[in-house]
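Laboratory data are not the source of any read-out in this text; all were calculated from the coordinates shown. Quantities reported herein were computed from a predicted structural model and do not represent experimental measurements. Cβ placement follows ideal geometry from the backbone for every residue including glycine, while neighbour counts extend to all protein chains displayed.
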Protein chains: 4
Amino acid sequence: MKTAMTGRPRTKPADIRRDELMDAAEVLFLKKGFAATSVSEIVEEADVAKGTFYLYFKTKDDVLAGLQTRFVETFCKAVDTAMAHEHADWSERIAAWVEACVHAYLDNVALHDLVFHQHTPANRAMKSDNAVVTRLAALLTRGAEAGAWNLPEPRLTAVMLFDALHGAVDDSLAFGKTDDREKLVAVVADFYRAALRLS
Amino acid sequence: MKTAMTGRPRTKPADIRRDELMDAAEVLFLKKGFAATSVSEIVEEADVAKGTFYLYFKTKDDVLAGLQTRFVETFCKAVDTAMAHEHADWSERIAAWVEACVHAYLDNVALHDLVFHQHTPANRAMKSDNAVVTRLAALLTRGAEAGAWNLPEPRLTAVMLFDALHGAVDDSLAFGKTDDREKLVAVVADFYRAALRLS
Amino acid sequence: MKTAMTGRPRTKPADIRRDELMDAAEVLFLKKGFAATSVSEIVEEADVAKGTFYLYFKTKDDVLAGLQTRFVETFCKAVDTAMAHEHADWSERIAAWVEACVHAYLDNVALHDLVFHQHTPANRAMKSDNAVVTRLAALLTRGAEAGAWNLPEPRLTAVMLFDALHGAVDDSLAFGKTDDREKLVAVVADFYRAALRLS
Amino acid sequence: MKTAMTGRPRTKPADIRRDELMDAAEVLFLKKGFAATSVSEIVEEADVAKGTFYLYFKTKDDVLAGLQTRFVETFCKAVDTAMAHEHADWSERIAAWVEACVHAYLDNVALHDLVFHQHTPANRAMKSDNAVVTRLAALLTRGAEAGAWNLPEPRLTAVMLFDALHGAVDDSLAFGKTDDREKLVAVVADFYRAALRLS
DNA sequence: AATGAATGAGTTTTCATTCAT
DNA sequence: TATGAATGAAAACTCATTCAT
């Protein structure tokens, strides 16, 4: 009997579906804001049924959390990629890290603000950025082991350095033209080197 | 809290009440966003009954429109005050105008974004800023009459000049330290003078 | 200080004010229905302040009750006027009564339905029509005293006769052209005479 | 009553649900009036949740519009059924049409008045009765093609004939006993035949 | 996995009624 | 007497979430 093509596509790999839903949510959240976007609109944009949304996310808040996680992952991936290149010394390594972070941040300010400010505004640099901090701490530890610098508290230092970068970028957000970016990167990298007593 | 006192109306001048409601709304909208703020919260913050809100505003959207109007009025008042001082010549007059606008804008970015971005984001410098443009156009016309410059289209020139300033400020939002402000004011004022073929 | 002419007219005789309010309410109730008419609209139509309404009526329902009372009064006045004329005999007197009632009813069906049906529909001939019944009972008693007929229960007879007339008119409402009215009057008058064993 | 059972949705075909909601609304509107009936009462009568109502109707007004549409549909269906029978000639066909319309109208006066008078009272025979007019126009055109009569303006004639019937029924509403109906049908049918120069 | 009708708590909005002036 | 700002209970309407299919 079931002749009519009721009910759209069909089964898709879970990852794809989840990503499609997050893409739809991201587009709408960015366009209209989180609260002003309804789950109905998200599923319509993603072209799935209402229930499907709740197959992949526990609540509407949950998709925001997902977006946050994805932001951090993307961020980390960009940094990892940059760090994978050859680097002459630890100073260059630090500079590369700073450059990658600044760009990754500035390229997605709107998304960053969305996923980190939504619930408790005015708290840039939340705990969720931790994955980045963790990576930086690891880098610092490797540098210490290699004798590049001497740090009694690599984790704490990582937190401070990350927040320093975060603050600098926050403070220049709109001036983010390519050339300004380079200046910003240079300033921050210098700051890092000084903090690490490099050179 | 809430010293009993339930019930009995406590009449206040309409202007005061309306302003109190707008103040309450502004505080909450700025803190939690427009959509996430309920009328119930607004009236609680303003310490009036639900119905009182609808005595002064047709809908929840209407209070946002009121906030927009008030923002422009405040903006204009600040500019007017600055222009009321003595000015050596038209060049100084233009500089004073630019300085007043830049400060009025930067001092209230959050509010500006709230009242102008809420419904259709990404459209800074909307038509509602017109009261400011109108003022600038009047200034340009007076200058033309005084022989300070020669402008075939004062209104159109005012629009372009205003949008130029708006864009410059948008582009520097976060760099807004006092000294940066001064540089920004200087740059924009220079731009204005050049556009008006002054000096 | 009070220079501005704020606040409209001024004191008026209570009767006038009350009637103006009832007129306003009647017009609106007839046009939009009772529930769909707000007290705000009534006071606006009557050109007084909100509070003034509650100076003359306890509730919104109360004005409907007032309209009901006024309807009955107007009805009775019309009947009284008709009965004040000279009448050859009791048969003519009865005929005059019937004629006056039928016309008074048919001339104001909409108003009658409004004031009597609003709350419990489908109950034409309510107790409030009693003033009419009372009058009829008095007429019957006077006739009995004059020896025109013999009635052990004038009040009960009045009720039955009144309801009979009411029912007949209800049953012909829309047929109420002038000529039809005359036929209706004739039929009902005949019914009355028979019930009273007249002639 | 109310055997617990709170919660769990019980899916039904959309048509059924919609009809149940309209049935509930019709019952209540007829009993208490449109304005005096709340959506809460409707959903309780229909035994569904509040939201379900808004799944099928945009607003409370919308369900009244739906009732109007349904009234016209039911009306047309009744007329169509009557016209589907064998008819000796066009005169009989016209008589059948008139009879069906008169009955369909008189059988549902209260509903007719509800759906057509609610918003703008005192305008029986609104434009929405058009589906009926359209049908009559089609009938007249077929008759013209069959040579039964000659009509330059079938549509306009249909409008006039329909309004004539509407008016006649309005004018006799309460006299609508079975035998009176027959007389009414006869008079109107005669009128139609005369207007069409039949026989 | 996917669907979408159904739910109901929560929000916006209305309006009869009160009372200090 | 008259006013109209203020009240708050109740009605209209929304939308995140559930679950039988």
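In loop segments of region C:36-70 as defined by DSSP, the trypsin sites (Lys or Arg not before Pro) with at most 10 further C-beta atoms inside 10 Å of their C-beta are C:Lys58. For A:Lys183, the aspartates and glutamates whose Cα comes closer than 17 Å to its Cα, not counting residues fewer than 8 places off in the same chain, are A:Glu92, A:Glu99, A:Asp107, A:Asp170, A:Asp171, B:Asp171, B:Asp180.
In a reduced charge model with +1 at each Lys and Arg Cβ and -1 at each Asp and Glu Cβ, region C:12-57 shows a dipole moment near 140 debye about its Cα centre.
Cross-linked pairs A:Lys50/B:Lys50; C:Lys32/D:Lys12; C:Lys32/D:Lys58; B:Lys58/C:Lys60: Cα-Cα separations exceed 30 Å for A:Lys50/B:Lys50; C:Lys32/D:Lys12. Shown for B:Lys50: label points 7 Å from Cα along the beta-carbon vector, and their distances to the equivalent points in the other copies, 1.0, 1.6, 2.4 nm in ascending order. The alpha carbon radius of gyration of region B:14-57, expressed as a multiple of 2.2 N^0.38 Å, is 1.02. Across identical copies of the chain, C:Val187 has label-point separations of 1.2, 9.5, 10.0 nm, listed in ascending order, with the point defined 7 angstrom from Cα along Cα→Cβ.
Which one of B:Ala35, B:Ala14, B:Ala24 is farthest out on the positive end of the charge dipole of region B:14-57, using unit charges on Cβ (Lys, Arg +1; Asp, Glu -1) and the Cα centre as origin? Of the listed residues, the answer is B:Ala35.
Straight Cα distances below 14 angstrom link B:Lys31 to the aspartates and glutamates B:Asp23, B:Glu41, B:Glu45, B:Asp113, with same-chain residues fewer than 8 positions distant left out.
Sorted from shortest to longest, the distances between the B:Ala65 label points of this copy and the other copies are 2.3, 4.0, 4.2 nm, with each point 7 Å from Cα along the line through the beta carbon.
Centroid-to-centroid, using Cα positions, region A:58-117 and region A:133-153 are 19 Å apart.
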